[in-house]
Amino acid sequence: MKGALLGFILVVAVALSATATLAAGDHHVKATLEPVGGSDVTGFVQLVALPHGGTLISVHARGLTPGVTYASFYYEAADCTGEHDLLGTFTANAAGVGNTHGKADEDLDEIGSVSVRTPDYFTMLFACATVQ
């Protein structure tokens, strides 16, 4: 658990450092996770364009059921539908908070949304963040 937390802190620090050194524009996006289907899941997603291609994505979700495993996916579409790639899975802590992060091969301008769903993808969509 300490390793995962340390890894997350490191990714956020790198993302913030990268943001500070990038020119203003579309190199960094912070998008709000909006509840879907009556869920109480909220939070935010941070995306940082990487200098040699790809995008660093961090998800911070709250309102989750403690101990339950969730997954985040990213999409080209702006509404968390269609072709998707798994960003990562995570388990909500006792406070109902969960985090995941990873690198997408796609550039920032190719990512339209990021979701919090059930790991099998098909059962339930809890929240969606529109990026573009």
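The values are calculated or read from the model by the stated rules, or taken from the named source; none is laboratory data. All values reported here derive from a predicted model rather than from experimental measurement. All Cβ positions, even for glycine, are placed from backbone atoms using ideal geometry, and neighbour counts span all protein chains on display.
For the range 26-73, how many residues meet the condition of being among the acidic types (Asp, Glu) and modelled with pLDDT of 95 or more?
Of the range 26-73, the ones among the acidic types (Asp, Glu) are 26, 34, 40.
If we keep only those that are modelled with pLDDT of 95 or more too, we end up with 34, 40.
The qualifying residues number 2.
I want to confirm something. Restricting to the range 34-86 and keeping residues that are among the hydrophobic types (A, V, I, L, M, F, W, C), within 9 Å of the chain's Cα centre (by Cα) and crowded, with 22+ Cβ neighbours inside 10 Å, which single residue is farthest from Gln132 (Cα to Cα)?
Ala61
If Gly53 meets every condition in (1) part of a loop (DSSP other than H, G, I, E, B); (2) within 21 Å of Gly37 (Cα to Cα) apart from one, which number is that one?
That leaves (2) as the condition not met.
Go through the residues of the range 42-57 one by one and say whether even a single one is on the phi > 0 side of the Ramachandran plot and touching a residue at least 60 places away in the same chain (Cβ under 8 Å).
Here is the first cut: in the range 42-57, the ones on the phi > 0 side of the Ramachandran plot are 43, 53-54.
Cutting the leftovers down to touching a residue at least 60 places away in the same chain (Cβ under 8 Å) gives us 43.
Yes, some residue in the range 42-57 is on the phi > 0 side of the Ramachandran plot and touching a residue at least 60 places away in the same chain (Cβ under 8 Å).
Can you run down the residue pairs with Cβ atoms below 7 Å, 6 or more apart or on separate chains, where the first is in the range 97-112 and polar (S, T, N, Q) and the partner is surrounded by fewer than 21 Cβ atoms within 10 Å (Cβ to Cβ)?
Asn99/Phe8; Asn99/His60; Thr100/Gly88; Thr100/Thr89
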